[in-house]
Structures are given as C-alpha cells and as structure tokens.
Amino acid sequence: MLNHTIFRSRRKTIFALGAVSAIVSLTLAGCSSGTGTAGATGTADSGPVGISLIVKTTTNPFFVAMEDAAKAEATKSGNVSLTLAAGTKDGDSATQIQAIEDAVSRGDKGILITPVDSTVNSAIEKARSAGLYVIALDTPPDPADTVDITFATDNFAAGKAIGAWTAGQLGGKKAVIGLIDDLANQVVSVDYNRDQGFLTGMGIPVNDAKKNGDEAPTGTYTGGTGGDYVIAGNAASNGDQADGRTAMETLLSKNPDINVVYAINEPAAYGAYQALKAAGKDQSVLLVAIDGGCTGVGQVTQGIIGATSQQYPSQMAQLGMDAIVKLATTGVKPTTTNGLDFFDTGSKLVTDKPVAGLPSITSAEGTTTCWGK
C-alpha cells in the first residue's frame, strides 16, 4: 500500500556549446510493502524509475503538452523520477546531446526524446549501450532502429490527408503553392514526411522521399478533379509563429499569386496567416497545417486554417512513460504497429469543410480531443 508521496522540484541551467536549456527534475517516490522496483533487465532495483523526457523546445505548445502528460504519468505512478530537458529552439541538438549524457550519468532507466536530427544519433546509441531504453516521440529518427521504439503520428499519412483535402477544395482550379517547412539546414523525418505527404495527397509526384523542394516546379496535380500547379517555393519556419510569418513574406515576394499554403505546424501556419492578412490575401488562400492543438482547432473554427491533421502528443508521452515503467518492473517491451517501424498514435483530419470520400471530424469534435486531452 502506498503510504505517502514525496514531491520535490529542482531546476538548473545547462550550458552546452553556447546553448541554454532548463532542466527540471521531478521525483515522486512512494513507500510500499513491495521489494522495490525491477530494473530494465528484470532484476530488483530499489528506488524510483529514472526517466528523462528531452523535447525540442518548450516554445512550441505541442511539446509542453508532452511534458504535462509525462508529469501527470509520473504523479500517477508514484515511483518515477522524471527529468525534463528542452532546447532553446527547434534544431538545438547540443542541448539534447548534453541531456542524454546527463541521463546516462544519473543512471536513468530510460529516455523519451523528440530528436532534432541525426546529429543526436551517436549519443542515443551510447545511452542504449549503457543500458538505457530509448524511445523517440513524434519524430522517428533516421534510421528508425537508432532507438528501441518510436511512438509517433504517421506524419506522411497526416500530410497526405491535408493534401487530399486541399486538392478536393480546389475543384480543378490552378494551385500556386507555398510550402512552409521546418528547418533550412537540418534534415528531420517529421519535416520531409509531412511535406512529401502533403504533395502526395495533392497528387503531385515527388522525387527524393527524404528531401524537400526537389519536385518539378510546374505540372499537373491529380488529387480531387485534378488541375495545374506551380510550386512557388519552400521556406523554413523552425516551427515558429514569427519565423512562419517571415517565411510567408518570403514566399509572397517570390510569387504574390500563391493560393495554397502548407505549413509544418499550427504556430507556423498562424504566422503565415498574419503575413497573408497584412498582404490582403487571407481570404483567397487555402491554408493547411498539421498539429490539431486546441488553439489550432479554434483557428479552423474561425476559418483561419482550412484543415489540420490532429495528432496526439499527450498519448505519445503517456505511452512512452508507461513503456519504460513496465519494462523496468516486468521486463516487457512495447511493440510497433503492424507493417510499420514505429507505433502509430494516429491522426484525424479536422475541418468544417469536408471533402466527399475523405474521412474527417469537425472542429467542434476536434476541440474535445485536441492533443489527446
């Protein structure tokens, strides 16, 4: 029986290669009549199960939702020592590497990480060699077996859904497309999978499946009733609202006739909307995104975003926490979704302008499920 719960909070700052990251350690340990917590190898091990959650940045509410869910799971477990780490911005690999090394030094049982790119792979491999169980969330690493398992949205499928919706809404009209991606100089699977999924949903042939911006700049899309397209260009947003606005301004300077905008996430989409509104074009552009957060779903209700693919970061974190605790206490490991090299946490198309034959939910329905609340 759990007699009492002890809660301690500690915050420190790490300086790594000029990057600053806030680290929060939450320890929730309960006294019980049991013999202790089993380690990752299935042997008895006293003390709480140490888990590190390392996200890209807490400037994006998507990752804040992950942190909140992980803290709730730690509280519910009553025998977890949870450490939170986040980069100062999207793409901050130095802080992630430092946080991984810290997890190894602490003797954590496992790591949950949203890897910024492949530069963190070697640190992950060292952690696994040291006996830690490493789970990727949201962003499958490349290659996938860099981690033990990934809990994530099928980002290609999420992108494909908003691409198919866009083609259906165009009704054969010429599409002049601006693509607002994530990073400019780093290759991340979530970035190219969403971008390439969107184009595939539109019915636009892609070339290198792991590269954005190498498609034919003009041609014919086959989604919906089909029509001609022009790709005005790709611009990086860092998944950020302010940078999303700058990216949209850059794309409009290249082609002011843009009438379709894909955005990597909802903060970038809202930044794009601000630029479009300032240019007097917000009513003439189909703007789509991927996230499905409560704010973004509200923007669908307002007509700012035409459609978004809702994903479930809270569920990713909950599943990851549960997997490490279960492994530490029982030795049982999670498994991937059939036919995939990760566990698919699902996504749903959210729109108030449905396309025939394309499954979707309304923004009212999306409000009840935003980010797995």
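Every read-out reported here was derived from the displayed coordinates using simple, explicitly stated rules and does not represent laboratory data. The model shown is predicted, which means the values in this text are computed figures rather than measured ones. Methodologically, a virtual Cβ is constructed for each residue, glycine included, from the backbone with ideal geometry; neighbour enumeration extends over all protein chains shown.
Structure summary
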| item | result |
| --- | --- |
| Overall form of the stretch 307-373 per C-alpha gyration tensor (a/c, 1.5; a/b vs b/c) | oblate |
| Neighbour net charge for A175 - beta-carbon separation under 12 angstrom, K R +1, D E -1 | 0 |
| Cross-link reach list, lysines versus K277, counting only Cα pairs under 28 Å and skipping chain neighbours closer than eight places | K89, K160, K173, K174, K254, K348, K353 |
| Furthest towards positive pole of dipole, I51, Q274, V147, structure part the chain, Cβ charges | I51 |
| Estimated dipole of the chain in Debye, rounded to 20 [Cβ of Lys and Arg +1, of Asp and Glu -1, Cα centre] | 720 |
| Helical contribution to [θ] at 222 nm, DSSP H n ≥ 4, -39,500 (n - 2.57), averaged over the chain, rounded to 500 | -11000 deg cm²/dmol |
| Inter-part distance where the stretch 255-299 and the stretch 119-175 are each reduced to a Cα centre, Å | 22 |
| Positive-end residue of A70, N338, T166, charge dipole of the chain with Cβ unit charges | A70 |
| Lysines with Cα under 22 Å of K109, excluding same-chain neighbours fewer than 8 positions away | K12, K56, K71, K76, K126, K326, K333 |
| (i) 29; (ii) 39; (iii) 33, with the label sought being that of the calculated percent of Cα pairs over 32 Å apart | (iii) |
| Total formal charge among the other residues, if their Cβ is under 13 angstrom from that of Y270, Lys/Arg +1 and Asp/Glu -1 | -3 |
| Local electrostatic count at L358 - Lys and Arg +1, Asp and Glu -1, tallied over other residues with Cβ under 12 Å | +3 |
